[in-house]
Amino acid sequence: MEYLLKGLVERAKGGDTAAAQQVIDRLYPLICSAMRRHGHGLDREDLYQEACLIVLQCIKDFDPSKGIPFLVYVKKRVYFGLMNVGRQRVLAISLDKELEGHDGDTCTLADLLVSPQLGVDETVVQSDEVRRLYCAIGKLSSKQRQVVLLHFFYGLKYKDIARARNIHYKSVLRLKDRALKSLKEHLEKMERNVSLGSRF
């Protein structure tokens with residue numbers, strides 16, 4: 001199937017990072033249009049990075065045999081992706097997703113919260129804990145938040161995040177480790193504040 005940017009997309013799918021950057025450069029007007037439409041109140045640099053990562057994922061996922069032109073495919077994915085970021089800042093969380101810390105220990109996002117229990121009262125408490133998790137994610141640095149969102153929420157691999165941000169793979173892992181440590185600290189601090197407040 002013939003489509004615009006075919007040569008660049010094929011080379012990018014084959015691992016040519018220069019071709020991938022050219023695709024992003026050619027799609028700059030589309031990205032800017034999506035940012036204007038769905039990026040109100042959000043940091044433009046963060047939003048642009050999100051859009052670039054969506055484009056890279058589109059290159060990876062694109063299947064020309066399905067008969068959908070690349071530009072149509074990427075436009076829908078970018079607009080939909082930024083619309084979700086604009087609406088929610090974060091997507092649905094999988095609390096069962098395993099996280100690995102710098103010490104090699106693993107835990108889940110659910111482990112960072114108190115153990116869920118059954119019952120109406122407990123369900124309300126658990127909902128409050130998830131809100132605190134969202135709040136804690138919002139307290140991360142911009143770079144840490146991007147790594148957490150792009151890996152744990154969008155499902156991008158660390159190497160893809162490193163390539164899109166033009167940084168070393170190990171730098172992404174360090175950002176992830178610091179983010180998880182900060183998340184745990186923020187959640188523990190919020191838990192202490194809730195406990196203190198409940199005494200009065």
| remark: Length gained if Lys6 through Arg131 is fully extended, taking 0.36 nm per residue and subtracting the Cα-Cα distance, is 40.6 nm
| field | Separation between Cα centres of the stretch 143-177 and the stretch 38-57, rounded to whole Å | value | 14 Å
| request: Evaluate the distance, in nm, between pseudo-label points positioned 7 Å from the Cα of Glu188 and of Ile68 along their respective Cα→Cβ axes. | output: 4.5 nm
| query | Measuring from label point to label point, each 7 Å out along Cα→Cβ, what is the Asp61 to Glu45 span in nm? | reply | 2.8 nm
| message | Going by average Cβ density within 10 Å per residue, which order do the peptides 29-38, 52-61 take, highest to lowest? | response | 52-61, 29-38
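No value in this document is a laboratory result; all are computed from the given coordinates. Since we're looking at a predicted model, the values are computed, not measured. All Cβ positions, glycine included, derive from the backbone under ideal geometry; neighbour counts span all protein chains shown.
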